[in-house]
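Worksheet for the structure shown next.
The values are calculated or read from the model by the stated rules, or taken from the named source; none is laboratory data. The structure presented is a predicted model; accordingly, all values stated were derived computationally and were not measured. In this analysis, Cβ positions are derived from the backbone assuming ideal geometry, glycine residues included, and neighbour counts consider all displayed protein chains. To get the accessible areas, we keep the full protein, side chains included, count just its heavy atoms, and leave off ligands, DNA and RNA. Shrake-Rupley method; radii C 1.70, N 1.55, O 1.52, S 1.80 Å.
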Amino acid sequence: MDRLRFGLIGCGRISPKHIEALANNYNNAQLVALCDLDVNKATLLKEKYNELFNQKGLAIGDVEIYKNYEDLLNRNDIDVVSVATFSGTHAEIAINALKANKHVIVEKPIALSIKDADEMIETAKKYNKKITVCHQNRFNSTVQKLRKALEDGRFGKIIHGVANIRWNRNENYYKQASWRGTWEQDGGTLMNQCIHNIDLLQWMMGPVDRLYAEADTFLKNIEGEDMGAAVLRFKNGAIGIIEGSACIYPENLEETLSIFGERGTARIGGVAINKISDWKFDDDLDNEEEVKREANYDDPDSVYGYGHTPLYRDFIHAVLNNREPYISAEEGKKAMEIVLAIYKSRKTRLPVEFPLENFSTLNMKE
């Protein structure tokens, strides 16, 4: 088999990126089923998929639409299920898909509790299935460039790193979907909007030893935080800083990842961590302006970026070649664990040690 058959569950805000990724990997991927509680959303997404194929001059096979995701899982001809529903349902749907003998691509965050994330990991192992989490910015050329510089030791001793997420989400954003900002189904801006950059910070500098955080709900009519900050101590001794907000006036300002070492400084920004703004090293191995020209690419049309296409490509090859995906479920758990630790620190007003055990967004309701 060299062409995997996909079913997509959840046809909301992020789903067009999954459709785009499937269309861009058409040699090895075929969409055969869509599912959403609102079948009109699934119908519109099917039309978008048709349009993408028409633009490529390709014929599309039949795409069935379902309202109940369990009906989709009952199809024996589906190899991979992509889960793009709201966050609080990720674990249940992914676990049931794995038990139904499907490989799984799940949107971020992997889950909203340590227990659920661990069960997803164990279920994938038990049923011998692959699972990956959509931290797609890891595939950005800018991020890959930074990762290689770290692996090559160009920074020397790492001193500190900073993840800034200074965005705006207005009241209409939360009114469009009642699950957003709730402890039961989402969490606050750190879990929803900021988790991608948190993932990149910990990927570059982790693992985490402990953290202390402050967060609150300042402006938005939600249960979760609309602004939060944390100081992390990594096991290598370096310090990390997270600043995440959905309250920036009047619109998104920046998302920036910065790494500072004894012999190097790098900052990545842009709409979706797609532009290197600083690249300074004492080894003179490359020229800063040349690096910017080679690695930087035009801003995408949204903060979601272009990473879903290579993420899907990697996962398809992982399934076909029986290897681990580039982003494993264990990797996907790490950023969620940091956000949950921030929540615990906010609640207890104390530092939190890692690893974190038995904590959930639901603990914030108690």
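Taking residue 159 as the residue in question, decide whether it is among the β-branched types (Val, Ile, Thr) and open to solvent by 30 Å² or more (accessible area, probe 1.4 Å).
Details: among the β-branched types (Val, Ile, Thr): yes; open to solvent by 30 Å² or more (accessible area, probe 1.4 Å): yes.
In short, yes.
Go through the range 323-355 and count every residue that is within 19 Å of residue 207 (Cβ to Cβ) and open to solvent by 10 Å² or more (accessible area, probe 1.4 Å).
13
Evaluate the range 295-309: report whether one residue or more is open to solvent by 30 Å² or more (accessible area, probe 1.4 Å) and outside any loop (DSSP other than H, G, I, E, B).
Looking for residues that are open to solvent by 30 Å² or more (accessible area, probe 1.4 Å) and outside any loop (DSSP other than H, G, I, E, B), one finds none in the range 295-309, hence no.
Here are some residues: 129, 115, 99. Which one is open to solvent by 30 Å² or more (accessible area, probe 1.4 Å) and touching a His at 6+ places or on another chain (Cβ under 8 Å)?
Selected residue: 129, the only one of 129, 115, 99 that is open to solvent by 30 Å² or more (accessible area, probe 1.4 Å) and touching a His at 6+ places or on another chain (Cβ under 8 Å).
Working only within the range 199-244, note down all residues that are farther than 17 Å from residue 158 by Cα and open to solvent by less than 10 Å² (accessible area, probe 1.4 Å).
Correct list: 199, 211, 213, 224, 225, 226, 228, 230, 244.
Anything in the range 333-356 that is part of a helix (DSSP H, G or I) and not aliphatic (A, V, I, L, M)? List them, or say none.
Once the filter is applied, which keeps residues that are part of a helix (DSSP H, G or I) and not aliphatic (A, V, I, L, M), the range 333-356 yields 333, 334, 337, 343, 344, 345, 346, 347, 348.
Do you know which of the residues in the range 266-293 that are open to solvent by less than 40 Å² (accessible area, probe 1.4 Å) and part of a strand (DSSP E or B) is farthest from residue 215 (Cα to Cα)?
281
Checking residue 223 against (1) farther than 18 Å from residue 363 by Cβ; (2) in a loop (DSSP other than H, G, I, E, B); (3) touching a residue at least 60 places away in the same chain (Cβ under 8 Å), only one condition comes out false. Which one?
Just one mismatch for residue 223, condition (1).
Scan the range 177-189 for residues that are touching a Phe, Trp or Tyr at 6+ places or on another chain (Cβ under 8 Å) and within 18 Å of residue 165 (Cβ to Cβ) and jot them down.
The answer is 180, 181, 186, 187, 189.
Considering only the range 22-75, state which residues are hydrophobic (A, V, I, L, M, F, W, C) and over 26 Å from residue 318 (Cβ atoms).
Within the range 22-75, the first condition is being hydrophobic (A, V, I, L, M, F, W, C), and the residues that meet it are 22-23, 29, 31-35, 37, 39, 42, 44-45, 52-53, 58-60, 63, 65, 72-73.
Within the range 22-75, 37, 39, 42, 44, 59, 65 meet the criteria.
Could you identify the single residue in 166, 154 that is in contact with a Phe, Trp or Tyr (Cβ under 6 Å, 6 or more places away or on another chain) and either open to solvent by 10 Å² or more (accessible area, probe 1.4 Å) or in contact (Cβ under 8 Å) with a residue 60 or more places away in the chain (or both)? Show your work before the answer.
Values: 166 fails: in contact with a Phe, Trp or Tyr (Cβ under 6 Å, 6 or more places away or on another chain).
Matching residue, one of 166, 154: 154.
Keeping to the range 257-285, report how many residues are closer than 17 Å to residue 307 by Cβ and polar (S, T, N, Q).
1
Would you check if residue 172 is part of a loop (DSSP other than H, G, I, E, B) and open to solvent by 60 Å² or more (accessible area, probe 1.4 Å)? Please lay out each step first, then the result.
Working: part of a loop (DSSP other than H, G, I, E, B): no; open to solvent by 60 Å² or more (accessible area, probe 1.4 Å): yes.
Criteria not met by residue 172.
Can you find a residue in the range 285-301 that is at pLDDT 95 or above, of a type in the set (A, V, I, L, M, F, W, C) and either under 26 Å from residue 84 (Cα atoms) or more than 24 Å from the chain's Cα centre (by Cα) (or both)?
yes
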